[in-house]
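See structure below.
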Amino acid sequence: MLSTLAGICFLMAAVSNVHAQKIELGGGIGGFNYRGDISPTFRFRFFRPGGSLFFRYNPSQALSLRAEAAFGLTGADDQHSKDPFQQARNMSFKSRILEASAVAEYNFLNYQDRRFAVNWSPYVFGGMGLAKFNVTPQTAAYKTSTLVMPYGVGIKYQIRKPWNIGLEYGTRKTFTDYLDNLGGEPVNTDKLQQGDPSLKDNYYYVRLSVSYTFYKIVCP
């Protein structure tokens, strides 16, 4: 009986080890930023903290697939603008964002996580996701979730088996105009409190990450 169990365990480990080094678990910490009616251009001062957990599967040297859950804060304030209209409007907002996404990464240098191989690579990524936001203040009953399209660039480096580090910058294209509580549909007749319907809200996520690559399965 013991020999049978040992044989099954050995077989499972042998099969799993073929795929184990293709699997990574990791986490990241960084910052969220926002672009919309209150911040029409990228403003470094509006960075807010954020973090994420991710699962990465590497089916080949050039391709990686990643599922990620991220949480962060965004916010902006008209008082920091040089635009007289924004100064007169004098609006601000804060929002919490919870995001789930799935993306594909293309590694330019055929990244390999083993000794004496190319163990670093710049990459580009793109995919789809869903974001839920909780904006303060919320002056109307609008939908507080949206599809997002994450895309961006990054670089990954294996510092020492089985640990990897990475730096990534990504944009989230959204399909909502209410991330900042200033939607395209007017909520009242005050023009100062109406958003630009031609400008959808987007947000950004910059993070440093650490991941662990699984190389083997230990049998009892």
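The values are calculated or read from the model by the stated rules, or taken from the named source; none is laboratory data. As the structure is a computational prediction, the values presented were derived from the model and not from experiment. In this analysis, Cβ positions are derived from the backbone assuming ideal geometry, glycine residues included, and neighbour counts consider all displayed protein chains. The protein model used for the area step is the full one, side chains on, heavy atoms only, and it has no ligands, DNA or RNA in it. Shrake-Rupley method; radii C 1.70, N 1.55, O 1.52, S 1.80 Å.
Students often get this wrong, so check it: of Lys132/Lys200; Lys143/Lys200; Lys22/Lys173; Lys22/Lys161; Lys132/Lys156, which have C-alpha atoms separated by over 25 Å?
Details: Lys132/Lys200 16 Å; Lys143/Lys200 14 Å; Lys22/Lys173 29 Å; Lys22/Lys161 13 Å; Lys132/Lys156 28 Å.
Over 25 Å Cα-Cα: Lys22/Lys173; Lys132/Lys156.
Legend: calculated FRET efficiency, Phe55 to Asp196, from the Cβ-Cβ distance at R0 = 35 Å, rounded to 0.05, equals 0.40. Of Met91, Met128, Met149, the order by accessible heavy-atom surface (1.4 Å probe, DNA, RNA and ligands excluded), from most exposed downward, is Met128, Met149, Met91. Note on Tyr151 and Asn110: the extension gain reaches 12.8 nm, defined as 0.36 nm multiplied by sequence separation minus the Cα-Cα distance.
On the beta carbon distance between Leu25 and Asn134, with R0 = 45 Å, the FRET formula returns roughly 0.95.
If you take all other residues with their beta carbon under 9 Å from the beta carbon of Leu167, and give Lys and Arg +1 and Asp and Glu -1, the sum is +1. In this simple spin-label model, placing a label point 7 Å from the Cα along the Cα-to-Cβ direction at both Ala62 and Trp163 gives a separation of 3.2 nm. The candidates Lys143, Lys22, arranged from most to least accessible area with a 1.4 Å probe in the full protein assembly, appear as Lys143, Lys22.
Treating r as the C-beta distance of Phe85 and Tyr142 and R0 as 30 Å, the FRET efficiency rounds to 0.85.
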